[in-house]
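What follows is one structure encoded as structure tokens, with my remarks underneath.
The values are calculated or read from the model by the stated rules, or taken from the named source; none is laboratory data. Keep in mind the model is a prediction, meaning the values are calculated, not measured. Ideal geometry is used to build each Cβ from the backbone, glycine not excepted, and the neighbour counts take in all protein chains shown.
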């Protein structure tokens with residue numbers, strides 16, 4: 001027997017490509033622009049969102065029948081904020097170095113529209129297991145795009161990957177730089193992320209034409 | 001029994017209970033983890049101070065590498081000989097002066113109150129290091145750091161850190177390619193304490209000119225760079241009376 005039923009695995013796999021939160025639903029763009037100048041930051045952000053969205057979806061789903069609909073958005077915000085703060089505190093106590101890299105993202109996670117979007121659209125109407133899968137799937141879909149964008153921006157903008165100089169040293173002119181290659185400073189500023197995301201959307205839609213909406 | 005979740009009364013009760021639960025959960029975590037967190041912060045400060053005076057595990061061309069947390073307390077006691085607080089132009093010894101919150105002291109100075117500015121004197125291989133803690137503003141949030149000087153007012157090392165500068169841009173002030181540039185720069189221009197400016201038009205990317213009071217700026221991080229410049233300048237202004245007493249050049 002497969003680990004996940006067909007329906008369940010669709011919950012995870014769909015957001016990775018055909019229903020990707022960034023490229024198809026165009027959610028979470030703000031954080032995708034802000035933190036993808038470096039690959040490492042992209043990975044940390046992706047993992048944090050994975051945890052918060054997975055856990056948050058379960059909590060909201062468990063509470064779905066008792067949440068008063070009038071204040072459900074506030075309840076969702078409180079759940080996200082609490083989870084994020086707890087994670088931040090635990091990391092500060094037991095993985096101090098990691099928490100320092102993460103602290104920048106705490107605010108960004110709370111306001112991430114994907115998280116609120118999944119709570120509202122999925123967790124409020126489905127059971128905990130399904131919600132968990134949905135959360136993991138969407139966070140992974142978000143994470144993949146972040147990592148792709150971070151990869152290109154760091155490589156073309158700084159000539160490094162995870163801080164390692166993969167293209168040679170721009171100051172002492174070694175590697176690629178010795179034949180006149182220059183880093184593209186434009187890639188490390190946020191608008192460059194829009195262009196990279198735009199290209200990803202373009203590539204994705206031209207490969208799968210069913211994704212193109214009718215005008 | 002189905003609960004009517006649409007009633008106002010239910011909404012209010014729900015909100016109250018939720019706030020109480022969430023509040024106590026957060027308070028529990030905060031209290032339970034506080035000793036551990038403040039210990040981590042203390043170690044970090046010691047690591048940063050030692051880093052600024054060149055006690056670190058840096059390798060040529062590598063990234064920032066501190067003394068390990070397990071050894072930092074012993075190393076700190078070994079290298080830091082005196083902990084001073086500067087009141088006006090007088091310096092007196094004070095235990096654990098390094099734990100003083102520089103931000104608060106600077107606020108006192110700004111409001112015209114008397115402040116205790118911490119200064120650490122380290123000794124390595126017979127050489128004295130005067131380590132000044134600094135605190136300032138970057139683009140988004142606070143930036144801070146430590147700068148060690150010798151008697152000639154030459155920078156022996158710096159460590160910068162920040163709360164929320166942009167990753168890949170302003171956040172690079174804590175990278176070695178930025179901090180290493182400060183080594184050997186003089187903070188004096190004639191007799192005035194001008195500090196070391198983070199300059200865009202520096203035209204000296206390899207940083208060979210150590211007398212120009214400038215280091216090469218970070219692309220895309222103008223405001224963070226200006227913040228570093230201002231922070232150094234402001235701190236030197238406050239420490240000048242004391243620095244004049246130790247200066248030999």
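For the reader, a short list of remarks on this structure follows.
- Subset of region B:221-233 (residues that are in contact with a helix residue (DSSP H, G or I) (Cβ under 8 Å, 6 or more places away or on another chain) and either over 17 Å from residue B:172 (Cα atoms) or surrounded by fewer than 17 Cβ atoms within 10 Å (Cβ to Cβ) (or both)): B:223
- Filtered by the rule that a residue be within 11 Å of chain A (Cβ to nearest Cβ) and not in a helix (DSSP H, G or I), region B:25-62 gives B:61, B:62.
- Number of positions in region A:170-215 that are outside any helix (DSSP H, G or I), surrounded by 15 or more Cβ atoms within 10 Å (Cβ to Cβ) and over 20 Å from the mean Cα position of the chain (by Cα): 2
- Of the candidates B:206, B:218, the single residue that is part of a loop (DSSP other than H, G, I, E, B), within 14 Å of chain A (Cβ to nearest Cβ) and crowded, with 20+ Cβ neighbours inside 10 Å is B:218.
- Positions within region A:12-52 being modelled with pLDDT of 85 or more and more than 14 Å from chain B (Cβ to nearest Cβ), in sequence order: A:47, A:49, A:50, A:51, A:52
- Hey, residue B:22 more than 10 Å from every other protein chain (Cβ to nearest Cβ), surrounded by 11 or more Cβ atoms within 10 Å (Cβ to Cβ) and in contact with a helix residue (DSSP H, G or I) (Cβ under 6 Å, 6 or more places away or on another chain) or not: no
- Close pairs (7 angstrom Cβ cut-off, 6 or more residues apart or separate chains): closer than 14 Å to residue A:25 by Cα in region A:200-215, in a helix (DSSP H, G or I) and modelled with pLDDT under 80 anywhere: A:204/A:211; A:205/A:211
- Checked across region A:171-194, the condition of being more than 14 Å from chain B (Cβ to nearest Cβ), under 19 Å from residue A:40 (Cβ atoms) and without any contact (Cβ under 8 Å) to a residue 60 or more places away in the chain holds for no residue.
- Candidates in region B:193-203 are the residues that are more than 13 Å from chain A (Cβ to nearest Cβ) and at pLDDT below 85; of these, the one that is farthest from the chain's Cα centre (by Cα) is B:203.
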